[in-house]
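Nothing in this text is a laboratory measurement; each read-out follows from the coordinates by a stated rule. Everything numeric here is computed off the predicted structure, so don't read it as measured data. We place every Cβ from the backbone using ideal geometry, glycine too, and count neighbours over all the protein chains shown.
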Amino acid sequence: MSAHPDPSSLKFTTTSCREKKRRGEKITCLTAYDYAFARLFDECGIDLLLAGDSLGMVAAGEESTLPVTMEQMELAVRAVRRGARRALVIADMPFGSYQISTERALANAVRLVKAGAEAVKLEGGAGRAALVRRLTAEEIPVVGHIGLTPQALHRMGGYRVQGQSETAAAGLLRDAHALEEAGAFALVLEGMPREVAARITAELAIPTIGIGAGPDCDGQVLVMHDLLGLTFHAPPKFVRRYADLGAAARQAVDAFRQDVEAGAFPGDRESYHLPATAPAKRG
């Protein structure tokens, strides 16, 4: 008899998301922007890799996600896809890539799929339902994103927790149902009270992925730089920092600098040599 494959090694798909929710198993998601980290996260068994427009802030030093371009996203998606074997690769649609028209949004989503994305994520509530319906009709899986939506930074007046009144919470619930009915296969819930996220999660058949939305969501996502301590600011309240790679990197770079300045690097073992001359033959 042949051995059954290890479920953790099977390719994670949009169907896998629903199955995990049905079984009551948590879904894991991290952002990734390059091959190396995508491969590491994939080998660690992370379910979803999000090539996020957060790269504008954590990789390019922008003050928000708004300046991120399609070209930047395509580059990140290609790199992440090369590193992913099991994980499902999701690409953020950057600001301006889907707001102008449905046709332009479809064209940009196709570009991301051709770059290697297996799904796209876009921000907004019920007002995005028609677009979600069109993309899914064209065979492009969609993840919705409601609550604190970073691309709506200026409208919200900053990064503010959403859904804190009964009226606002009811609006988020309507948004969630509208996106599910339009065909989204999962929904990111960001920056909202735990109780609101819990109710949305309980009412939807599709899984919810939380970030700053409490532990009752079907899964959780964090920006990799926050999780690994690679940022230059205090993390948000919802972040748990699991490592301080920034400190480790500073220590390594400082040791390198000192060795170079002291003439201790490179040494003989890091150097190449001319081949030894063969002895001349006699007679």
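Things worth noting here:
- Point-to-point label distance, residue 271-residue 155, nm (Cα→Cβ direction, 7 Å offset): 6.4
- Among beta bridges from DSSP that stay inside the chain, the antiparallel ones total about 5%.
- Contact order normalised by residue count of the range 89-189, Cα under 8 Å, 6+ apart, percent: 28
- Hits among lysines - C-alpha to C-alpha of residue 121 under 23 Å, sequence gap 8 or more where chains match: 11, 20, 21, 26
- Using the Cβ-Cβ distance between residue 202 and residue 233 with R0 = 30 Å, the FRET efficiency computed as 1/(1 + (r/R0)^6) comes to roughly 0.30.
- Residue 249-residue 75 FRET efficiency (beta carbon distance; Förster radius 30 Å; 0.05 resolution): 0.85
- Distance from the range 225-273 to the range 104-169 (C-alpha centre basis), Å: 36
- Where Rh is the Kirkwood radius over Cα pairs, Rg/Rh for the chain: 1.12
- Rounded tilt (10° steps) of 194-203 against the dominant C-alpha axis of the chain: 70
- Put in line by how crowded their Cβ is, counting other Cβ atoms within 10 Å and starting with the fewest, 26, 21 read 26, 21.
- Contour minus Cα-Cα distance for residue 164 and residue 11 (0.36 nm per residue): 51.3 nm
- GluC sites (Glu not before Pro) lying in DSSP loop within the range 28-106, provided at most 16 other Cβ fall within 10 Å: 62, 63
- Reach of residue 114 by Cα under 19 Å, taken over aspartates and glutamates that are not fewer than 8 positions away in the same chain: 34, 53, 71, 74, 92, 103, 138, 139
- Folded to 0 to 90 degrees: helix 166-182 orientation relative to the chain principal axis, Cα: 70
- Note on the chain: GNM, Cα springs under 10 Å; of 120, 161, 77, the largest mean-square fluctuation is that of 161.
- Only helices enter this figure: runs of n ≥ 4 DSSP H residues, each worth -39500 (n - 2.57), summed and divided by the residues of the chain, yield -12000 deg cm²/dmol at 222 nm to the nearest 500.
- Only Cα pairs under 8 Å and 6+ residues apart enter the sum, and on that basis the relative contact order of the chain stands at 15 percent.
- Normalising the average separation of contacting C-alpha pairs (under 8 angstrom, six or more residues apart) by the number of residues puts the relative contact order of the range 29-172 at 19 percent.
- Peptides 144-152, 46-54, 255-263, ordered by how many other C-beta atoms sit within 10 Å of their residues on average, highest first, read 46-54, 144-152, 255-263.
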